[in-house]
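To start, the structure under review is shown below, and the notes come after it.
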Amino acid sequence: MLPMPTELDWLHVGRDNLHARAYLMLRKALMAGRFRPGQRLLLKPLAEELGVSVTPVREALLRLASERGLVPHQSRTMMVPVLNVARFREIRDIRIELEGRAAEAAANKISAGDIVTLEKMQEQLMLARRQRDVQTVLAINEEFHFRIYRSSDLPVVCGLIESLWVQIGPLLTLNDFSASATAKDHPHRAILASLAAGDGAGARRALANDIMWASKYLEIAVVKLNEPAEDKKKRKTIASVGTN
């Protein structure tokens, strides 16, 4: 199932506006890692899952392509792009600046209730991580981050961050969820501690550390994605021999 947009996403959007409905749900799906890099998106299956006709889905895909979330593919279909290393690093560095700015501002404005909610979300995230429930981990992670950013009261910055997540979200499915990160040392803990203390500079640093921590594993995956087919074949052959 595709993730549903939040109530905030529906602001100024009538539920009878099928194009907006399809666009928001597909955009949310990209941000939450519902699709994989290189995955083809077919009109009819998507329309059936969204409960709309093909036309609003086609329009939504074209709009997402204009935002660099998708790229045209053969037979008039769309594909989730495979980022190269240079573009991945560019997006990573911009995310550090923008998301760090939002976290810094949020530290002075976020409510105690939101911090309690974030603490509960982090517990749920770690449970899903231990269970290797990747889709739940990614969905909670996206909600965790954007609850913080929306608390910053910086709507322009939040919009820019969302546009970056549309591009980077599919890569998050490739993260190394076997990497050791306990409930105590997960990077989100430092973010939560800084927010609770009203420490803007600390929240900014902690957010940057979170992005860099995940990016270590993601960049390895990006390099592998961009390997020539022949090199991938050789690597698989070597791995196979090594297990015999």
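Taken together, Ile168, Ile220 contain a single residue that is aliphatic (A, V, I, L, M), in the same structural domain as Asp93 (by TED's automatic domain parsing), in a helix (DSSP H, G or I) and at pLDDT 95 or above, which is Ile168.
You will find that of Leu30, Leu98, the residue that is in the same structural domain as Cys158 (by TED's automatic domain parsing) and either in contact with a helix residue (DSSP H, G or I) (Cβ under 6 Å, 6 or more places away or on another chain) or under 25 Å from Ile220 (Cα atoms) (or both) is Leu98 and no other. So for the range 57-74 (the condition being over 28 Å from Ser152 (Cβ atoms), polar (S, T, N, Q), assigned by TED's automatic domain parsing to the domain that holds Pro170 and modelled with pLDDT under 95), does at least one residue qualify? Looking through the range 57-74, none of the residues is over 28 Å from Ser152 (Cβ atoms), polar (S, T, N, Q), assigned by TED's automatic domain parsing to the domain that holds Pro170 and modelled with pLDDT under 95. Within the range 91-148, the only residue that satisfies the criterion of being closer than 14 Å to Asn175 by Cβ, assigned to a loop (DSSP other than H, G, I, E, B) and either touching a Gly at 6+ places or on another chain (Cβ under 7 Å) or not basic (Lys, Arg) (or both) is Asp133.
The values are calculated or read from the model by the stated rules, or taken from the named source; none is laboratory data. In this text the structure is predicted, and so the values were computed from the model without any measurement. Note that we place each Cβ from the backbone using ideal geometry, even for glycine, and neighbour counts take in every protein chain shown.
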